[in-house]
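Below you'll find the structure, written out as structure tokens, and then a few comments.
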Amino acid sequence: MRTPLEELFVKVRNENRAALIAYLPAGFPTLQKCKDAIATLAAAGVDAIEIGFPYSDPVMDGATIQEAADISLKGGTGAVEVLETLKFAHEVGLPAVVMTYWNPIERYGVDAFAKAIVHNGGSGVITPDLTIEESSQWKRSTTEAGLNTIYVLAPSSTQDRIAAVSAECSGFVYAASLMGVTGARATISAGARELVSRIRATSNLPISVGLGVSTRDQARNVAGFADGVIVGSAFIKALLDAKSYEEGLAEISSLARQLAAGVREGR
Amino acid sequence: MGNVEIIGHFGPYGGRFVPEALIGALDELEEAHNSAIHDSAFQSELRNLHLTYTGRPSIITEVKRFAEHAGDARILLKREDLNHTGSHKINNVLGQALLTRRMGKNRIIAETGAGQHGVASATAAALFGLECVVYMGEEDIRRQALNVARMKLLGAEVVPVRTGSRTLKDAINEAMRDWVTNVESTHYLLGTVAGPHPFPTMVRDFQKIIGEEAREQLLELVGRLPDAVLACVGGGSNAIGIFHAFIPDTSVRLIGLEAGGDGIETGRHAATITGGSVGVLHGTRSYVLQDSNGQTIESHSISAGLDYPGVGPEHAYLHDIGRAEYRAINDDEAMEAFSLLSRTEGIIPAIESAHALAGAIRVGKELGPDAILLVNLSGRGDKDVETAADYFKIEL
């Protein structure tokens with residue numbers, strides 16, 4: 001049986017376009033406002049959502065997501081809130097995954113976490129700091145639960161490593177566009193296209209590109225060679241910079257429409 | 001890849017929990033370290049540096065007047081405080097600096113808490129002509145102003161870290177972010193036996209010289225092995241360094257002293273093994289101070305060098321198998337030992353090392369006058385003068 005995430009990639013392939021995937025940390029800026037933002041993004045053409053589990057030591061994240069995670073953690077966000085947000089995203093009709101550093105999963109209980117994700121309508125989990133060598137228990141639990149496991153590959157990954165890691169992925173393979181942390185960049189590095197083609201050489205899974213994408217032009221560019229375009233920091237920055245909450249929602253709605261147009265123009 | 005799973009672990013601890021972007025660099029480092037171990041030219045260069053630059057072997061000092069306050073046990077200090085730059089940190093730094101050159105990289109980054117590792121890294125960078133950036137929590141910069149000045153004089157850039165608790169944990173986060181971004185040119189010169197494989201093994205290999213020397217020195221000086229070896233434990237590099245040679249000697253108790261801060265019961269401490277639980281932090285599985293959601297809890301200690309909510313995975317393993325024991329020493333107890341060693345022996349210890357001295361007072365009283373205790377005096381206290389003056393209300 002396909003997860004909603006897998007269904008999405010079949011659908012966008014048929015429509016000959018890339019999927020637009022948004023990232024927001026649960027509980028940012030509050031539990032309810034995060035839900036409002038998710039509903040806004042869904043209405044504006046976002047195809048799927050990654051719900052971030054805010055973490056105290058996010059070594060893969062740049063300043064923008066760190067700030068959002070801090071705000072969320074100060075508001076008391078934990079596993080309960082992450083799962084509630086996931087459930088909400090599912091209910092508004094978005095294929096949804098959780099993106100989390102490994103320790104919160106281990107603390108919750110690996111098996112219990114996988115089951116809770118499924119129970120709340122999640123399609124899978126992205127684990128940016130879980131190496132495949134450490135993932136044997138995770139693999140058992142997610143297989144049993146029927147969850148997609150998404151690992152992140154980097155431009156520095158060797159071809160052997162790309163083959164080994166993408167073999168452990170399901171749903172899609174996450175290609176980091178550059179060597180660095182999350183955050184908007186002026187240009188998308190040439191390394192992204194090269195990494196995607198190196199993954200294609202070994203895997204039939206859809207490939208989504210994240211890190212640094214923030215504009216319609218960049219979305220169009222990435223949609224030319226990838227199956228999914230992931231945007232996180234740009235939405236968060238719009239919410240952080242807005243003078244009011246309503247203005248923030250209007251900003252991310254307009255950005256999502258631009259990006260949704262971009263992912264349809266790439267081919 | 002397959003053998004990493006076995007080699008990089010200590011029982012269930014250790015491993016690699018890192019972004020995929022770093023796997024290549026960790027593999028490269030592991031390979032460089034493995035080949036250097038068997039390369040006699042590398043080993044002789046490192047030995048020569050220790051002989052002519054570090055000032056090794058470090059001496060052993062028996063502290064009889066201090067021991068009068070510790071049940072009259074015989075207490076012998078391994079004087080890592082007399083190393084160039086003032087602590088054991090130089091042992092690891094020179095080894096990794098040589099590896100940096102071996103890998104053809106020209107830039108090192110480091111995290112520092114007390115500043116000892118930062119100073120040692122800046123020193124090695126000056127010696128080898130490497131660019132050096134040190135990440136340091138804003139709170140620690142305030143506590144360790146002298147070491148900040150030293151790093152700058154040595155030509156390093158000191159970057160204040162303003163996220164989270166603004167201490168060592170956050171400095172490591174920032175260094176990891178730098179490394180992910182600049183991994184091609186840069187070696188992350190991690191200062192302790194934590195982090196992803198191969199760091200816990202590699203740093204131990206560069207620090208184990210402490211115990212190897214001390215074991216020989218003690219056999220010569222007192223004619224037998226000590227009853228206990230004591231060292232303070234933050235990340236745990238000086239402790240592993242002095243413990244390692246004694247692990248096969250099962251008659252020797254290995255005792256790690258963690259920072260109890262205001263007391264374990266207050267929750268304001270840095271005693272990770274005594275008061276923490278199993279988790280993953282900074283790329284390795286070990287004991288961690290964390291809440292029910294797996295969020296790291298901020299640690300507290302008067303000693304910046306022990307103020308870390310994690311601990312090296314080999315310590316977690318030694319604890320679980322019962323080969324080493326770990327106890328907590330509160331701020332007040334450490335400062336009492338700090339003052340006592342200063343006044344009875346004319347040696348001002350680092351506040352970190354004062355935790356080991358406080359442990360020796362306790363264990364000496366438990367074991368009595370027949371006992372021989374070996375204590376790692378891992379660093380000197382110059383950097384702590386301001387903190388100590390403040391604590392003892394001495395006007396400067």
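The values are calculated or read from the model by the stated rules, or taken from the named source; none is laboratory data. All figures in this text were calculated on a predicted structure; none of them were measured in a lab. Every residue, glycine as well, gets a Cβ built from its backbone with ideal geometry; the counts of neighbours run over all protein chains shown. Ligands, DNA and RNA are stripped out before the accessible areas are found, and what is left, the full protein with its side chains, is counted by its heavy atoms. Shrake-Rupley method; radii C 1.70, N 1.55, O 1.52, S 1.80 Å.
Panel note: contact residues of the stretch B:256-281 (accessible area lowered by at least 40 Å² against the chain on its own; 1.4 Å probe) correspond to B:Val280. Look at the dipole of the stretch A:4-264 built from charges on Cβ: of A:Pro29, A:Ala256, A:His90, the Cα furthest out on the positive end belongs to A:Ala256. Each Lys or Arg adds one and each Asp or Glu takes one away; over the other residues whose Cβ falls under 12 Å from the Cβ of A:Ile51, this sums to -1. Taking a ≥ b ≥ c as the square roots of the eigenvalues of the Cα gyration tensor, an a/c ratio below 1.5 marks chain B as rounded. Comparing each chain alone with all protein chains together (probe 1.4 Å, DNA, RNA and ligands left out), the residues of the stretch A:118-160 losing at least 50 Å² of accessible area are A:Asp129, A:Thr131, A:Glu133, A:Glu134. Averaged per residue, the stretch A:156-240 has 34 square angstrom of accessible surface, using a 1.4 angstrom probe with ligands and nucleic acids left out. Association of chains A and B removes close to 3000 square angstrom of accessible area from solvent, both sides included, for a probe radius of 1.4 Å. First check a/c for the stretch A:119-255, with a ≥ b ≥ c the square roots of the eigenvalues of its C-alpha gyration tensor; if it is under 1.5, answer rounded, and if not, answer prolate when a/b is larger than b/c or oblate otherwise. It is oblate, given that a/c is not under 1.5 and a/b is not larger than b/c. Taken about its Cα centre, the protein assembly as shown carries a charge dipole of about 1180 debye when Lys and Arg each add +1 at the Cβ and Asp and Glu each add -1 at the Cβ. Probing with 1.4 Å while keeping every protein chain in the model, the per residue accessible area of the stretch B:55-136 equals 27 Å².
Of the GluC sites (Glu not before Pro) found in the stretch B:146-193, the ones in coil according to DSSP and having at most 15 other Cβ atoms within 10 Å of their Cβ are B:Glu184. Per residue, the average separation of C-alpha pairs within less than 8 Å and at least 6 apart gives the stretch A:8-86 a relative contact order of 38 percent.
Scalar couplings 3J(HN,Hα) for the stretch B:294-305, obtained by applying the Karplus form with A = 6.51, B = -1.76, C = 1.60 to θ = phi - 60°, are x, 7, 5, 8, 5, 8, 9, 7, 5, 9, 4, x Hz; x denotes Gly and Pro. Counting heavy atoms of the protein chains alone, B:Arg142 has an accessible area of about 150 Å² for a 1.4 Å probe. Reducing the stretch B:25-88 and the stretch A:49-125 to their Cα centroids gives an inter-centroid distance of 45 Å. Here the Karplus relation 6.51 cos²θ - 1.76 cosθ + 1.60, evaluated at θ = phi - 60°, turns the backbone of the stretch A:98-109 into coupling constants of 9, 10, 8, 5, 6, 4, x, 5, 4, 5, 5, x Hz, with x for every Gly and Pro. If you take the alpha carbon radius of gyration of the stretch B:82-216 and divide it by 2.2 N^0.38 Å, what ratio comes out, to two decimals? Here the Cα radius of gyration is 0.98 times the empirical estimate.
Rounded is the label for the stretch A:4-264, because the ratio a/c of its alpha-carbon gyration tensor axes (a ≥ b ≥ c) stays below 1.5. Carbon and sulfur together cover what percent of the accessible area of chain B at a 1.4 Å probe radius? That fraction is 50 percent. With both labels modelled 7 Å from their Cα along Cα-to-Cβ, the B:Arg65 to B:Asp332 distance reads 2.6 nm.
With all protein chains kept in place, the per residue accessible area of the stretch B:235-358 amounts to 28 square angstrom at a probe of 1.4 angstrom.
For chain A, give the percent of accessible area contributed by carbon and sulfur heavy atoms, probe 1.4 Å, rounded to a whole number. In chain A, the share of accessible area belonging to carbon and sulfur is 51 percent. Contact-buried residues of the stretch B:17-59, at a threshold of 40 Å² lost accessible area versus the chain by itself: B:Phe17, B:Pro19, B:Glu20, B:Ala21 (1.4 Å probe; DNA, RNA and ligands ignored). Per-residue ellipticity at 222 nm from helix content only, as computed over chain A with -39500 (n - 2.57) for each DSSP H run of at least four residues, stands at -15000 deg cm²/dmol.
For B:Thr284, the residues whose amide H sits under 5 Å from its own are B:Phe17, B:Gly195, ignoring neighbours fewer than 5 places away on the same chain, with H placed 1.01 Å from N.
The H on the amide N of B:Tyr135, modeled in the peptide plane, is under 5 Å from the matching H of B:Ala110, B:Glu111, B:Thr112, B:Val159, each at least 5 residues off or on a different chain.
Taken one residue at a time, the phi angles of the stretch B:374-383 give Karplus couplings (6.51, -1.76, 1.60, θ = phi - 60°) of 9, 10, 7, 8, 6, x, 9, x, 3, 5 Hz. Gly and Pro are set to x. Residues whose amide H comes within less than 5 Å of that of B:Ile75, counting only those at least five positions distant or on another chain, are B:Val63, B:Leu373 (H built at 1.01 Å from N in the peptide plane).
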